Every structure is written in C-alpha cells, then in structure tokens.
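K.L.:
Got a structure here, written out as structure tokens. Questions coming.
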Amino acid sequence: MHRLSPRFLDLSERVAVLTLYGWLVFRVIDGKGAEFGSFQLLSEGMIVVFLLFRRPAASISLRPTDWFLAFAATTAPLLATGGLGEYHLPTRLVTVFWIFGFLIQTGAKVWLGRNFGLVAARRQLVLGGPYRFVRHPMYLGYLLTHIFVLGMNPAPLNFLFYAISWGCQIPRLLAEERVLGEDPSYATYMTDVRWRLLPGIW
C-alpha cells in the first residue's frame, strides 16, 4: 500500500463510503434497515457531504490493518437488524437513549465538519465543542445507539455484528490517536482531555 498515492487513497475512501451509504439507503427503503432508518440516513448522509468537501489530509495511515479496522467497524453495524425482538427494553426508553446517542454523534460530526475521515489521518485538528469532554465523542454516540438498538432486538446475530464492530472500533480509535499524535498540539490535547470514550472510565 506504500506505493499508492495519497490522492488515490483519498478517492478510494470516498468511493467506499458512497457505496456503503448507497447500501444503507437500499436497506432502509427495502424495510431491512434499523428501526430509526430516517435518522440513520440523516446522520450518515452528513458523513457523505463532509467527505465530498473535506480538507486534504496532511498524512494518512498506510497500514492495511488501519484500513481494515476502519471499514470493518463501519460496516458491521449496518448488518444488524432493527425492530423489536422477543425480549427488549421498553420502547420509550430505547427511543430516548437512541436519540440521545444520535444527537451526540451528529453534534460531533458537525463540529468535525470538513475534517472528517474514515481511515486514521491527520487534517486540521478539532479540539473544541464535544471534543472538550472526550476525545472521540462520535464513537460515544455510536456506542449509545448500538447498545439500545441491541436492546430492541437482542438477536444472536446482532450481538455478533456489534461485537465485531467494537472489537475493531477500539483499535481503530487507538490508530487514530497514533496518527494524530504526530502533531504536538494533539499530544497536549490528550493530556488535557483524559478520557477517550467514556468519561470517568476510559
């Protein structure tokens, strides 16, 4: 992968994200998406817009494992089945927490804006807004929505898909910090903002 140009890598990432979003649109229209498909389309659609107009990366990871982690963590949750299962949390409780997680991830995406990327890369640093509280608020929002969608339909396959996703999401998060840590300002930021994902825990 070291022989590939940054421009080619950037284009490849954009094509992959557009393909994933097209698949999400198809699943929602076909009735196979999550219970809150319209929210998903809005939230993930923001990623597509930011991706098309984002800033070029000062550096991007060339490690195949980082690319695998990014796409596996992103794709696995799209395989989960929404709707109510045989055993589930109260629908109103699930809805409230799902929307709360949606608002957190959406706010993080808006704050990140044109600096969004799928694979670990270094663009303009974003250290304010929700990033003042945890280093990865977007992933915190995803975590909340995943937990409560799982509460609506705790099917074994859903457990598997989310386990795969978060088994990749954590090392993906660490890979992002490795790349961003090349900037001394981010190294200082990591000292100032102690928590990566869960305030008071990790």
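K.L.:
Anything in region 125-149 that is crowded, with 20+ Cβ neighbours inside 10 Å and modelled with pLDDT under 90? List them, or say none. Break it down into steps so the answer makes sense when it comes.
P.N.:
Within region 125-149, the first condition is being crowded, with 20+ Cβ neighbours inside 10 Å, and the residues that meet it are 130, 134-143, 145-146, 148-149.
Correct list: Tyr142, Thr145, His146, Phe148, Val149.
K.L.:
How many residues are within 20 Å of Leu79 (Cβ to Cβ), aromatic (Phe, Trp, Tyr) and touching a residue at least 12 places away in the same chain (Cβ under 8 Å) when one looks only at region 155-202? Give the steps one after another, and end with the answer.
P.N.:
If we filter region 155-202 for residues that are within 20 Å of Leu79 (Cβ to Cβ), which is where we start, we get 155-172.
Filter again for aromatic (Phe, Trp, Tyr), leaving 159, 161-162, 166.
Remaining after also requiring touching a residue at least 12 places away in the same chain (Cβ under 8 Å): 161-162, 166.
Of the residues in that region, 3 qualify.
K.L.:
Hey, Glu86 hits all of (1) within 19 Å of the chain's Cα centre (by Cα); (2) acidic (Asp, Glu); (3) at pLDDT below 75 but one; which does it fall short on?
P.N.:
(1)
K.L.:
Now for a separate question. Kindly provide the set of residues from region 46-70 that are at pLDDT 85 or above and assigned to a helix (DSSP H, G or I), ordered by number.
P.N.:
Pro64, Thr65, Asp66, Trp67, Phe68, Leu69, Ala70
K.L.:
Would you please list the contacts, defined by Cβ atoms under 6 Å and residues six or more apart or on different chains, that run from a residue in region 88-113 that is in contact (Cβ under 8 Å) with a residue 40 or more places away in the chain and farther than 17 Å from Leu143 by Cβ to a residue that is hydrophobic (A, V, I, L, M, F, W, C) and buried (at least 21 other Cβ atoms within 10 Å of the Cβ)?
P.N.:
Pairs found: His88/Met152.
K.L.:
Continuing with this model, one more query. For a quick check of your reading: which helices (runs of 4 or more DSSP H) sit entirely within region 118-202 and have at least 3 residues that are out of contact with any Pro (no Cβ under 7 Å at 6 or more places or on another chain) and closer than 19 Å to Ser61 by Cβ? Please lay out each step first, then the result.
P.N.:
On the way: elements: 137-152, 156-180, 184-192.
Where helices (runs of 4 or more DSSP H) fall fully within region 118-202 and carry at least 3 residues being out of contact with any Pro (no Cβ under 7 Å at 6 or more places or on another chain) and closer than 19 Å to Ser61 by Cβ, they are 156-180, 184-192.
The values are calculated or read from the model by the stated rules, or taken from the named source; none is laboratory data. Values in this document were obtained by computation on a predicted structure and should not be read as measured data. With ideal geometry, Cβ positions are generated from the backbone for all residues, glycine too; neighbour counts draw on all protein chains shown.
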